[in-house]
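> Here it is: the structure, laid out below.
The values are calculated or read from the model by the stated rules, or taken from the named source; none is laboratory data. The structure displayed is predicted, hence computed values, not measured ones. Cβ sites come from the backbone with ideal geometry, for glycine too, and all protein chains shown count toward neighbours. What goes into the accessible areas is simple: the full protein's heavy atoms, side chains included, and nothing from ligands, DNA or RNA. Shrake-Rupley method; radii C 1.70, N 1.55, O 1.52, S 1.80 Å.
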Amino acid sequence: MKILILEDDRLLADLLETIIAGVYPTASISVTDKLSVATEQWLKHGADLMVIDWNLPDGSGLDLVKTVRKVDEITPLLMVSGRSDRDSVVAAAHYGINGYITKPFSVELVRQKLAVLINPEKIARDVELDLDRLLEASIDMVIQLPTSIDPASVLELMAQKQELSPVRLVELWSGEVALVSRILDVANSASFQRSGEPVGNIRNAIGTIGLDMALQHALAMSLDVSGHLQDKRLAAKARDFLDMVENVAREARQLAGDLRLDPSEFHSAGLLSRIGELAVLKVLQQFVDGGGKLVDEQIESALQKWPQAYGNRLKVQWRLPIQLRNLVGAVHMLTRDTTSESALVMRAAALRARGEHSSPECQRLIRRLGLDRDEKGRGDD
């Protein structure tokens with residue numbers, strides 16, 4: 001399933017992408033802010049669903065609607081606009097749109113409109129149930145990691161928005177790998193558009209996109225039913241990986257604090273250190289949701305074969321800063337000639353998180369960081 005989003009407000013485009021990826025997990029989603037690019041993409045590749053903004057830098061979204069409807073009366077077209085007057089709605093309807101949403105919009109309304117246009121359950125049934133092909137194809141799709149966020153808790157935060165601070169959100173969400181990943185992704189798209197400077201931690205990411213947009217993304221992800229791993233085997237694997245990354249993040253914060261370094265980016269790197277595995281689990285759940293039969297050997301094989309490819313792809317797709325990517329990579333492997341203090345911290349944190357404090361590699365890293373005296377001192381206490 002191919003979906004095209006035409007929206008010039010990057011933050012709104014990212015929010016629409018988050019919502020749509022939750023409703024249609026196996027869809028291939030393209031996003032552009034140019035009418036000319038959207039028209040060219042549609043002419044070359046077509047689309048199964050289009051979400052179109054009205055006012056654009058190089059024209060009107062209605063021009064795309066007219067172009068499509070000249071030759072295609074079937075493809076669902078959802079218009080998104082800041083125009084809420086009756087004349088505008090009637091004018092858009094005249095050209096054959098299938099739905100109209102006014103800005104600012106609610107996450108629930110967009111999900112409802114989408115479900116009416118194309119039934120998500122039908123899309124799931126139509127997906128060809130070939131696990132290897134699904135895993136291969138999904139690398140290039142928008143992957144939202146499995147999340148345990150409760151919609152009710154997000155709605156409660158929204159109701160308290162006036163008294164809520166970004167610092168409080170950081171405290172509440174610092175352990176939510178999926179949400180931290182998505183907000184970093186959105187913040188980096190906005191940051192690159194404005195200043196070209198990447199964002200490396202959740203605190204700065206929320207500051208970049210704003211508290212309201214962060215809450216909207218949290219709600220969109222919490223409503224993604226496929227983001228909750230219903231298969232007990234996959235859920236158990238996810239819990240293991242989440243425990244693992246939380247331990248790495250905690251150890252990394254501790255080591256960074258001992259070295260008087262800002263711990264926030266080290267914490268983020270720890271949380272992101274198993275995004276490849278979590279993404280694979282999400283795709284495996286999609287396979288099960290589509291009616292596929294998943295045996296234990298397939299789970300183990302997929303978790304051996306695919307995490308590195310998914311992890312590398314997601315780091316690029318989310319526009320993570322090179323420094324943060326390197327920190328994540330150091331969790332898994334480090335060459336002996338590495339001199340980066342930050343990389344040494346992350347590798348040592350990974351070893352300590354696995355209980356390998358006394359291993360030769362961990363001891364060597366601790367000595368190189370100059371923390372061996374502190375370690376001895378703690379052992380004497």
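This table checks each residue for (1) open to solvent by 50 Å² or more (accessible area, probe 1.4 Å); (2) part of a helix (DSSP H, G or I).
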{"residue": "Arg250", "(1), (2)": "yes, yes"}
{"residue": "Leu255", "(1), (2)": "no, yes"}
{"residue": "Asp262", "(1), (2)": "yes, no"}
{"residue": "Gly276", "(1), (2)": "no, yes"}
{"residue": "Lys315", "(1), (2)": "no, yes"}
{"residue": "Gly329", "(1), (2)": "no, yes"}
{"residue": "Thr338", "(1), (2)": "no, no"}
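> Between residues in the stretch 267-278 that are closer than 11 Å to Ala349 by Cα and of a type outside the set (Phe, Trp, Tyr) and residues that are assigned to a helix (DSSP H, G or I) and open to solvent by 10 Å² or more (accessible area, probe 1.4 Å), which pairs lie under 6 Å by C-beta distance while being six or more apart or on different chains?
Close Cβ pairs satisfying both conditions: His267/Arg253.
> Any idea which residue in the stretch 9-30 is nearest to Thr67 (Cα to Cα), counting only those that are open to solvent by 40 Å² or more (accessible area, probe 1.4 Å) and not in a helix (DSSP H, G or I)? Give the steps one after another, and end with the answer.
Here is the first cut: in the stretch 9-30, the ones open to solvent by 40 Å² or more (accessible area, probe 1.4 Å) are 9-10, 28, 30.
Still in the running and not in a helix (DSSP H, G or I): 9, 28, 30.
Details: Asp9: 22, Ser28: 22, Ser30: 18 Å.
The selected residue is Ser30.
> Arg347 passes all but one of (1) surrounded by fewer than 19 Cβ atoms within 10 Å (Cβ to Cβ); (2) in contact with a Ser or Thr (Cβ under 9 Å, 6 or more places away or on another chain); (3) modelled with pLDDT of 90 or more; (4) basic (Lys, Arg); which number fails?
For Arg347, the failing item is (1).
> Any residue at all in the stretch 233-244 that's modelled with pLDDT of 90 or more and touching a Pro at 6+ places or on another chain (Cβ under 7 Å)?
yes
> Sticking with this one: Can you confirm whether Arg367 is out of contact with any strand residue (DSSP E or B) (no Cβ under 9 Å at 6 or more places or on another chain), surrounded by 19 or more Cβ atoms within 10 Å (Cβ to Cβ) and part of a helix (DSSP H, G or I)?
no
> Moving to a separate point now. Across the stretch 41-90, which residue is least open to solvent (accessible area, probe 1.4 Å) among those that are acidic (Asp, Glu) and farther than 12 Å from Ile101 by Cβ? Can you show your working first?
Initially, the stretch 41-90 is screened for residues acidic (Asp, Glu), giving 48, 53, 58, 63, 72-73, 85, 87.
Of the ones still in play, those that are also farther than 12 Å from Ile101 by Cβ are 48, 58, 63, 72-73, 85, 87.
Values: Asp48: 69, Asp58: 65, Asp63: 67, Asp72: 30, Glu73: 159, Asp85: 73, Asp87: 113 Å².
If we take residues in the stretch 41-90 being acidic (Asp, Glu) and farther than 12 Å from Ile101 by Cβ, then Asp72 is least open to solvent (accessible area, probe 1.4 Å).
> Just to be sure I understand, how many residues within the stretch 91-102 are under 14 Å from Val65 (Cα atoms) and either among the β-branched types (Val, Ile, Thr) or touching a Phe, Trp or Tyr at 6+ places or on another chain (Cβ under 8 Å) (or both)? Please lay out each step first, then the result.
Here is the first cut: in the stretch 91-102, the ones under 14 Å from Val65 (Cα atoms) are 91-100.
Those left that are additionally either among the β-branched types (Val, Ile, Thr) or touching a Phe, Trp or Tyr at 6+ places or on another chain (Cβ under 8 Å) (or both): 92-93, 97.
Of the residues in the stretch 91-102, 3 are under 14 Å from Val65 (Cα atoms) and either among the β-branched types (Val, Ile, Thr) or touching a Phe, Trp or Tyr at 6+ places or on another chain (Cβ under 8 Å) (or both).
> Would you point out the residue of the stretch 91-113, among those that are open to solvent by 60 Å² or more (accessible area, probe 1.4 Å) and either in a loop (DSSP other than H, G, I, E, B) or of a type in the set (Phe, Trp, Tyr) (or both), that is farthest from Leu16 (Cα to Cα)?
Tyr95
> Within the set of pairs 6 or more residues apart or between chains, which connect a residue that is modelled with pLDDT of 75 or more inside the stretch 116-145 to a residue that is part of a loop (DSSP other than H, G, I, E, B) and of a type in the set (Asp, Glu) with Cβ atoms less than 8 Å apart?
What qualifies is Ile118/Asp48; Leu134/Glu128; Gln144/Asp224.
> Select from the stretch 228-245 the residues that are open to solvent by 80 Å² or more (accessible area, probe 1.4 Å) and in contact (Cβ under 8 Å) with a residue 12 or more places away in the chain and list them in ascending order.
Gln230, Arg233
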